[in-house]
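Report on the following structure.
Rule-based calculations on the coordinates, nothing more; no lab input. No experiment lies behind these values; they were computed from the predicted model shown. Reconstructed Cβ throughout: ideal geometry from the backbone, glycine too, with neighbour counts over all protein chains shown.
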Amino acid sequence: MVDGDTIHLDGEKIRFSGIDAPEVNQTCILQNQIIECGLTSKQLIINKIGDQKVTCLREGKDQYGRTLAECFVGGDSLSRFLVRQGFAFAYRQHSKKYTPDEDFARENSIGMWKMNFDFPWDFRKTKSN
């Protein structure tokens, strides 16, 4: 497990396509408390997978050579799970597949949607400067 949207599976680095999760070192603010939302995202996936078998539908490679895929445990999409939990976002520049799940989390103030946060793509921009 690398972070919320990237896993290692049988020696292969797999990036969940269509979503973007907070970076591991990314924090959020909830009621004046710092929340480690990046670590929370990662832990949600670790807990969801547990000791279950992960299967992935591979879709190609990204610019960093990672395999892009949608991965499942017990028939559940890990991407959809993480977005509905509010600890990942639909990566709308690349796919609209998870926008209903993001809308659900946002409308119900689930996960990061009840916090002050930067979108992961904005967080990466501020950290690279």
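When the range 38-94 is filtered for residues that are under 16 Å from His8 (Cα atoms) and among the aliphatic types (A, V, I, L, M), the ones remaining, listed by number, are Leu44, Ile45, Ile46, Ile49, Val54, Leu57, Leu68, Ala69, Val73, Leu78.
Conditions tested, residue by residue: (1) crowded, with 19+ Cβ neighbours inside 10 Å; (2) part of a helix (DSSP H, G or I).
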residue	(1), (2)
Arg80	yes, yes
Gln93	no, no
Lys97	no, no
Arg106	no, yes
Ser109	no, no
Asp118	no, no
Trp121	no, yes
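None of Thr55, Thr27, Thr67 is in contact with a helix residue (DSSP H, G or I) (Cβ under 9 Å, 6 or more places away or on another chain), surrounded by 13 or more Cβ atoms within 10 Å (Cβ to Cβ) and of a type in the set (S, T, N, Q) except Thr27. Consider the range 89-128 and keep the residues that are small (Gly, Ala, Ser) and closer than 20 Å to Gln33 by Cα. The one that is farthest from the chain's Cα centre (by Cα) is Ser109. Checked against (1) over 14 Å from the mean Cα position of the chain (by Cα); (2) assigned to a strand (DSSP E or B), Arg15 meets all criteria but (1). Here is the figure for the range 55-78: residues that are of a type in the set (Lys, Arg) and not in a loop (DSSP other than H, G, I, E, B) total 2.
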